[in-house]
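Undergrad: Have a look at this one.
The values are calculated or read from the model by the stated rules, or taken from the named source; none is laboratory data. In this text the structure is predicted, and so the values were computed from the model without any measurement. Backbone-built Cβ (ideal geometry, glycine too); neighbour counts: all protein chains shown.
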Amino acid sequence: MDPVAGPPALRLVQVRHRYAPGAPEVLRVDDLAVPRGDQLAIAGPSGAGKTTFLNVAAGILEPSEGRVEVGGADLAAMRGAGRDRWRGRRIGIVFQTFNLLQGLTARENLLVAAMFGDVPRRERAARADALLDRVGLREHAGKRPSQLSVGQQQRVSIARALVNRPDLVLADEPAASLDQANAENVVSLLCDVAREGGHALVVVAHDPVVLGRFPKVLDVRHLAAA
Ligand SMILES: Nc1ncnc2c1ncn2[C@@H]1O[C@H](COP(=O)(O)OP(=O)(O)OP(=O)(O)O)[C@@H](O)[C@H]1O
Ligand SMILES: [Mg+2]
């Protein structure tokens, strides 16, 4: 390992997952490392295990076997609320259906994420405003999700994923709810802001519009030797 670069943003070692004892194995990863600041797409048809991969990488789903490290920290060593807090600080997640808090404005959605991510109170507003500006939503910061277009909502969720300056940003089909022009814009924006902030980015998707934006695409079915 390069001592200057430090541990990878994400590493999975000998990971296997089945949803129940005796159920088929739906994820096999021998050794996958995503260097800090790198960008990677994981592809595969419906049911191939993309969301399973993402949830395992995020520590939302504990794999049946193997080790998952984010920034060198072993997720299995953490439990319950401690793991949730740690995830909030170190991993930004962009969900397919955004998962924005509907009763709050765009800006408040970012402020709540910053609060859970332990951003000092005096920094929260400035960070939220800078990110909303960066994703082109300065004029819309005071609107609730229902008052925003689908593409605008996804841009809020991208800004929210970055507000804690995470080591790792994970996105599950980030353009699935968008038409093609919006999909291209949103994925380009996600890649650009992740690069500018030095965050590693892993996107799982089957959409060629999304996959075409990544120089490196791996098939989720081929992450282990046969
Ligand atoms: N909670 C669950 N319990 C049992 N089986 C599950 C569960 N979630 C997913 N599976 C199964 O695991 C396999 C992989 O599912 P996964 O959701 O990871 O696929 P995917 O590649 O994300 O598909 P899609 O492109 O349709 O989102 C599928 O066979 C699915 O039926
Ligand atoms: Mg999926």
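Undergrad: Tally the residues that are buried (at least 24 other Cβ atoms within 10 Å of the Cβ) and more than 16 Å from ligand 2 (Cβ to nearest atom), restricting the search to the range 172-198.
TA: 4
Undergrad: Considering the range 206-218 alone, what residues qualify as being in a loop (DSSP other than H, G, I, E, B) and either closer than 16 Å to PRO8 by Cα or in contact with a Leu (Cβ under 6 Å, 6 or more places away or on another chain) (or both)?
TA: LYS216
Undergrad: Residue pairs, Cβ under 9 Å, 6 or more apart or interchain, first in the range 163-177 and touching a residue at least 60 places away in the same chain (Cβ under 8 Å), second hydroxyl-bearing (Ser, Thr, Tyr) and within 13 Å of ligand 2 (Cβ to nearest atom). List them.
TA: Filtered contacts from the range 163-177: ASP172/THR51; GLU173/THR51; ALA176/THR97; SER177/THR97.
Undergrad: Okay, moving on. Can you tell me how many residues in the range 7-36 are buried (at least 16 other Cβ atoms within 10 Å of the Cβ) and assigned to a loop (DSSP other than H, G, I, E, B)?
TA: Total meeting the criteria: 5.
Undergrad: Sticking with this one: If I filter the range 42-69 down to residues being away from ligand 1 (no atom under 13 Å from the Cβ) and within 23 Å of ALA194 (Cα to Cα), which single residue comes out as nearest to the chain's Cα centre (by Cα)?
TA: GLY59
Undergrad: Find all pairs meeting these conditions: Cβ atoms under 6 angstrom apart; at least six residues apart or on different chains; first residue within the range 22-51 and touching a residue at least 24 places away in the same chain (Cβ under 8 Å); second residue within 12 Å of ligand 1 (Cβ to nearest atom) and among the hydroxyl-bearing types (Ser, Thr, Tyr).
TA: VAL26/THR52; LEU27/THR52
Undergrad: Within the range 69-114, restricting attention to residues that are among the acidic types (Asp, Glu) and free of Cβ contacts under 8 Å to residues at least 40 places away in the same chain, which residue is nearest to THR51 (Cα to Cα)? Working first, answer last.
TA: Residues of the range 69-114 among the acidic types (Asp, Glu): 69, 74, 84, 108.
Now restrict to residues that are free of Cβ contacts under 8 Å to residues at least 40 places away in the same chain: 74, 84, 108.
Numbers: ASP74: 20, ASP84: 19, GLU108: 28 Å.
That would be ASP84.
To keep it simple, each residue is scored yes or no on (1) under 25 Å from VAL210 (Cα atoms); (2) of a type outside the set (A, V, I, L, M, F, W, C).
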| site | (1), (2) |
| --- | --- |
| VAL56 | yes, no |
| GLY92 | yes, yes |
| ALA113 | no, no |
| ARG124 | no, yes |
| ALA128 | no, no |
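Undergrad: Further, regarding this structure: Might you check whether a residue that is within 16 Å of ligand 2 (Cβ to nearest atom) and at pLDDT below 95 occurs anywhere in the range 74-90?
TA: No, the range 74-90 contains no residue that is within 16 Å of ligand 2 (Cβ to nearest atom) and at pLDDT below 95.
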